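Here's the structure we're looking at; comments come further down.
The values are calculated or read from the model by the stated rules, or taken from the named source; none is laboratory data. The structure presented is a predicted model; accordingly, all values stated were derived computationally and were not measured. Glycine gets a Cβ as well: all are built from the backbone with ideal geometry, and neighbour counts include every protein chain shown. Each accessible area value is taken on the protein alone, full model and side chains, heavy atoms only, with ligands, DNA and RNA left out. Shrake-Rupley method; radii C 1.70, N 1.55, O 1.52, S 1.80 Å.
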Amino acid sequence: MNAYKEAIEYLYTRLPMFTRDGASAFKKDLDNTIRLCNALDNPQQKFKTLHIAGTNGKGSTSHMLAAILAEAGYKTGLYTSPHLLDFRERIRVNGAMCEKQFVTDFVQTHKELIEDVQPSFFEITVAMAFDYFERRKVDIAVIEVGLGGRLDSTNIIQPVLSVITNIGFDHMNLLGNTLGEIASEKAGIIKENIPVVISEYAVETAAVFLDKAHAEAAPIQFASQVYQTKALGVDQDFLNIEAIDGHGTVDHYQLDLKGSYQVKNLAGVLLTVDELRKQGFEISPLHVHEALKKVQSTTGIQGRWQQLSKDPFVICDTGHNEDGIHEVIKNLNATRYDKLHFVIGAMRDKDLSHMLPYLPKDAVYYFSAPDMPRAMPADLLRQEAVTFDLYGEEFASVQKAFAAAKAAYKKGDLIFVGGSNFVVAEVLAEIDKKL
């Protein structure tokens, strides 16, 4: 058996994994990550970092900032989760995934440490990423929080800047049942004397961030109070956004990430760039403009209102909580089509009352379950959906649901794939196999 495949299977099967096991895999302290990084001689202390948290938007924001820093000439690490097709998507330098040999060597070299510490899958991948970035001598690494913030494994870094994007309802069983409680967990990445950018001012959460920043003497700004951003329209290649800064200066940006939610994310990205410049990073306006036009090709990001084909017309999006679904609906409403074919799946622990009521009732649904223990069975998802007047058939797999949608498709229709990262991942894998 291939040594890399063995290493990956060891990580998947030996260690508790949130995407497979759910809440039982979430470790509510930083002890394991600290032990792992101590054993690795604390690589995270040997390069600069940006720390990105939030309910929605943190992935897009992380990828945009990584693209901008790389465009400006900085050797830039990027740690994100979950991956969609390849484990190595989680650990990149200037857009290139870490080498298979590195993963193999890391697991083989540190197997005794892993067996001793008994970390979760996420804890070991965080330590692996830090080790890789130190070995590659990155100038800076953009580190995306996995879940929450305060107790997330990434929260052992001392970043040059912290960024918190949109706050919404997700993972309430772990983070709290109110926006204030969830915001408090996200605010856990705010550290003493380290500036923090909050992408969006919201009455329900602002006080939480202000109080935490005051307690830590951390300079704080809300990007939506500094930058006014609005969409000017979407063409075949770009989402066009107008941004007006606090001095009234107007600028226009073209983003290859075309989801409407990028309008909010861009304000946070622009203010973060301003803050990085204050710290001596040389990032020109041209660097920002050019980077935003090619985030996908620079960083490899997938699944953010991504068009997979023109005929059949297929779009996917990984939005899966209430705010994410609202943005999906906004994008669907702005897209022309005759009939909507919706390929959908969800996780067992997902509160469907925060998703199903908002989905279009005139769509044809193809209910499916990703190939993982945490997935909600397709028949249960269909039964739940019927109570919200959403109708369609159930299928034994995501692949069969997607095939049925394509078979029913007629020119002028739209096939949308979503509801879960893992539904999108399986469709991407299906398409990837045929390329």
Problem - Global form of the stretch 279-393, assessed from the alpha-carbon gyration tensor, a/c cut-off 1.5 - result: prolate
Problem - Shape call, the stretch 146-268: gyration tensor on alpha carbons, a/c limit 1.5 - result: prolate
Exercise for the section: Report ³J(HN,Hα) in whole Hz for each residue of the stretch 372-388, in order, from the Karplus equation J = 6.51 cos²θ - 1.76 cosθ + 1.60 where θ = phi - 60°; Gly and Pro get x. Expected result: 7, x, 7, 6, 6, x, 4, 5, 5, 4, 5, 4, 5, 5, 4, 5, 10
Fill in the blank from the handout: Charge dipole of the stretch 312-395 built from unit charges on the beta carbon (Lys, Arg +1; Asp, Glu -1), centred at mean Cα; most positive-end Cα among H354, I344, L380 is I344
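Can you tell me what share of the DSSP beta bridges in the chain is antiparallel? A percent to the nearest 5 is fine.
Details: 23 of 57 bridges.
Percent antiparallel among DSSP bridges in the chain is about 40.
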Fill in the blank from the handout: In whole percents, the bins of 10 Å from zero upward hold the Cα-Cα pairs of the stretch 203-356 as 9, 31, 32, 22, 6, 0
Handout entry: Surface/4 estimate of mean projected area, convex hull on alpha-carbon atoms of the chain, nm²
Key = 19.9
Fill in the blank from the handout: Once I329 and E290 are pulled to full extension, the length gained, defined as 0.36 nm per residue separation minus their Cα-Cα distance, is 11.1 nm
Practice task
State the extension gain, in nm to one decimal, for the chain segment bounded by Y337 and E242, taking 0.36 nm per residue of separation less the distance between their alpha-carbons.
Solution key: 31.5 nm
Exercise for the section: Take the solvent-accessible surface of the protein heavy atoms, probe 1.4 Å, and return the percent of it on the chain that carbon and sulfur atoms account for. Expected result: 48
Completion exercise
Listed by chain and number, the aspartates and glutamates with an alpha carbon less than 20 angstrom from that of K339, same-chain partners under 8 positions apart left out, are D311, D317, E327, D362, D389, E393, E394, D413
Handout entry: Tensor-based shape of the stretch 22-97 (alpha-carbon gyration tensor, a/c under 1.5 rounded, otherwise prolate or oblate)
Key = oblate
Problem - Cβ-based charge dipole, the chain, positive-most Cα from S81, V288, F47 - result: V288
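Which entries in the list K137/K294; K100/K411; K361/K411; K58/K137 go over 32 Å, if you measure between the two C-alpha atoms of each?
In this structure, K100/K411 lie more than 32 Å apart at Cα.
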Handout entry: D41-N193 pseudo-label distance in nm [points 7 Å out on the Cα-to-Cβ vector]
Key = 2.7
Fill in the blank from the handout: Expressed in nanometres to one decimal, the distance between label points 7 Å along Cα→Cβ at E282 and M372 is 4.3
Practice task
Divide by every residue of the chain the summed helix terms, -39500 (n - 2.57) for each DSSP H run of at least 4, and state the resulting mean residue ellipticity at 222 nm, rounded to the nearest 500 deg cm²/dmol.
Solution key: -12000 deg cm²/dmol
Problem - Exposure rank, largest accessible area first [H83, H252; 1.4 Å] - result: H252, H83
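How would you order 376-383, 357-364, 224-231 from highest to lowest mean count of nearby Cβ atoms within 10 Å?
Details: 376-383: 18.0, 357-364: 14.5, 224-231: 16.4.
Packing proxy ranking, top to bottom: 376-383, 224-231, 357-364.
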Problem - Set of aspartates and glutamates near K293 by C-alpha distance (under 13 Å), chain-local residues within fewer than 8 positions excluded - result: E71, D235, D237, D256
Handout entry: Candidate aspartates and glutamates for bridging to K191, where Cα separation is under 13 Å - those fewer than 8 sequence places away on the same chain excluded
Key = D211, E216
Exercise for the section: Could you sort 41-50, 258-267 so that the peptide with the highest average Cβ count within 10 Å comes first and the rest follow in order? Expected result: 258-267, 41-50
Handout entry: Using a Förster distance of 60 Å, the FRET efficiency for E6-Q254 (Cβ separation, nearest 0.05)
Key = 0.85
Fill in the blank from the handout: Given a 1.4 Å probe, the accessible area of the chain per residue, as a whole number of Å², is 41
